[in-house]
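Only one structure is covered here, and it is reproduced in the block below.
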Amino acid sequence: MDFYKAMEKISSLLRFGSMPGLERIQKLLDNMGNPERDCRFIHIAGTNGKGSVCTMLSEILRKSGYKTGLFTSPYIIEFCDRISIDGEMIPKNEVADIVEKIFPIIEQMNENGEPITEFECVTAIAFEYFRRSKCDIVVLETGLGGKYDSTNVILSPIASVITSISLDHTAVLGDTLDMIASEKAGIIKQGGSTVFCPQEDIVNKVIADTAKSLDNTLYEVDMSRCTVLSERLGNSEFEYKGEKYEITLAGRHQVKNACTVIEAITPLRNAGFDISDSAVKYGIKKAFIPARFEVLKTEPLIILDGGHNPSGLKALSAAVKEYLPNRHISCIMSMLRDKAVEGSMVYLKGLFDKVYIVEIENPRKMPAPQLKAIADNYFDEVEICLDKAEAVRRAISDAKESGGAALVCGSLYLASEIRKLILGME
């Protein structure tokens with residue numbers, strides 16, 4: 001089996017959509033010989049910030065000399081970038097080989113009325129690859145929720161890390177913050193360690209109560225001991241508990257993510273990992289993630305952001321106001337219909353001078369006319385442009401004429417599609 005045939009096999013599972021629950025993935029892994037039991041993990045859940053925290057932790061562990069696996073989702077550049085070891089994506093031949101091994105099991109389970117979803121399959125591929133490669137540690141990001149997310153089949157991790165929590169995937173996770181926090185807190189295991197950055201009171205209570213009930217040591221970020229020293233697009237400095245750090249990820253929210261990472265180092269050290277302070281500083285500065293207020297070009301300025309829910313777009317709004325004050329901005333936007341679109345859009349009100357509505361290649365997409373009807377309430381000039389390449393050309397032309405910027409937001413799937421378009425342009 002080659003890589004392209006393997007991708008066809010994986011994509012065929014999209015028809016099952018999202019089906020929370022651990023029974024199916026656990027049975028699949030049992031039939032594979034439980035590769036997840038041969039790895040050590042640090043497990044990360046949350047609504048926003050997971051990818052940033054995972055990337056920083058991965059860079060720190062790599063700098064410390066550990067063979068480090070990283071599992072994130074969704075992919076931004078290509079399928080293989082969601083599974084990596086020491087910064088190198090899983091080779092395509094490894095994907096093909098693992099799929100060839102496990103797909104007969106998946107097909108048999110499907111025939112037996114136990115359908116494996118695409119994400120469950122990808123999770124199983126990652127576990128098998130990390131076992132084969134004999135990773136020292138794996139930084140594992142949840143896909144959706146926590147309690148019933150397929151990554152939660154692992155035994156007790158070295159630490160469970162909970163990032164920012166807000167309303168998202170409400171049809172699956174619940175429509176209140178305490179319900180969503182309970183789902184995220186589902187990754188906390190008996191007798192472990194929990195790392196958490198305090199936020200809304202109800203969220204704090206759920207996390208603290210869950211950690212206490214499962215006899216966890218709780219490591220809380222203390223933002224009162226954090227001072228932002230300077231903020232620039234591409235490099236900022238902050239101080240936390242008397243130590244100075246640099247970060248290249250843009251936005252005040254990334255400082256909180258970095259502080260969460262710093263707190264997560266203590267349970268790692270307690271578990272025997274030799275991590276120096278210099279490695280922590282290096283990893284936080286080194287971390288780069290596509291589509292997190294990413295500057296794709298400077299002439300004119302083009303920024304790509306995967307913000308797609310209220311918390312993410314609130315952070316985007318703050319970053320725009322901080323780094324692009326009084327600049328003319330044309331925005332290319334699309335969103336998924338199962339997101340809190342109205343609740344997200346309110347943070348962007350009046351932020352963009354022109355908005356081009358496009359549609360992403362995803363069955364969950366919100367139709368352009370429907371999104372435009374919502375966007376018309378928040379922006380003066382909104383236009384549907386179903387040709388994404390044309391939308392990019394228009395936004396760039398606007399930016400050149402105004403001396404402003406072009407910005408892409410609303411979906412990580414959109415970010416992936418537009419990133420390829422822009423970087424492929426002469």
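The values are calculated or read from the model by the stated rules, or taken from the named source; none is laboratory data. On a predicted model such as this, the values are computed, not experimentally measured, just so you know. Note: ideal-geometry Cβ built from the backbone for every residue, glycine included; neighbour counts use all protein chains shown.
Check off (1) assigned to a loop (DSSP other than H, G, I, E, B); (2) closer than 24 Å to residue 249 by Cβ; (3) aliphatic (A, V, I, L, M) for residue 42 and give me the number that stays unchecked.
(1)
Only one residue in 220, 231 is out of contact with any Cys (no Cβ under 7 Å at 6 or more places or on another chain), within 24 Å of residue 47 (Cβ to Cβ) and either surrounded by fewer than 17 Cβ atoms within 10 Å (Cβ to Cβ) or without any contact (Cβ under 8 Å) to a residue 24 or more places away in the chain (or both). Which one?
Answer to the check: 220.
Evaluate the following for residue 104: is it closer than 26 Å to residue 23 by Cβ and surrounded by fewer than 23 Cβ atoms within 10 Å (Cβ to Cβ)?
So residue 104 passes the test.
Identify the single condition in (1) surrounded by 15 or more Cβ atoms within 10 Å (Cβ to Cβ); (2) over 30 Å from residue 177 (Cα atoms) that residue 8 does not satisfy, given that it satisfies every other one.
That leaves (1) as the condition not met.
For residue 393, state whether it is free of Cβ contacts under 8 Å to residues at least 24 places away in the same chain and not acidic (Asp, Glu).
The answer is yes for residue 393.
What is the number of the single condition among (1) at pLDDT 95 or above; (2) outside any helix (DSSP H, G or I) that residue 102 does not meet?
(2)
Picking from 59, 128, which residue would you name as being part of a helix (DSSP H, G or I), acidic (Asp, Glu), crowded, with 19+ Cβ neighbours inside 10 Å and out of contact with any Pro (no Cβ under 6 Å at 6 or more places or on another chain)?
59
In the list 290, 300, which residue meets the criterion of being farther than 26 Å from residue 346 by Cα and out of contact with any Gly (no Cβ under 7 Å at 6 or more places or on another chain)?
300
Within region 343-363, take every residue that is of a type in the set (D, E, K, R) and more than 18 Å from residue 394 (Cβ to Cβ) and give me the one that is modelled with the highest pLDDT.
349
Does region 15-27 include one or more residues that are outside the structural domain of residue 316 (by TED's automatic domain parsing), closer than 30 Å to residue 207 by Cβ, crowded, with 23+ Cβ neighbours inside 10 Å and touching a residue at least 40 places away in the same chain (Cβ under 8 Å)?
Looking for residues that are outside the structural domain of residue 316 (by TED's automatic domain parsing), closer than 30 Å to residue 207 by Cβ, crowded, with 23+ Cβ neighbours inside 10 Å and touching a residue at least 40 places away in the same chain (Cβ under 8 Å), one finds at least one in region 15-27, hence yes.
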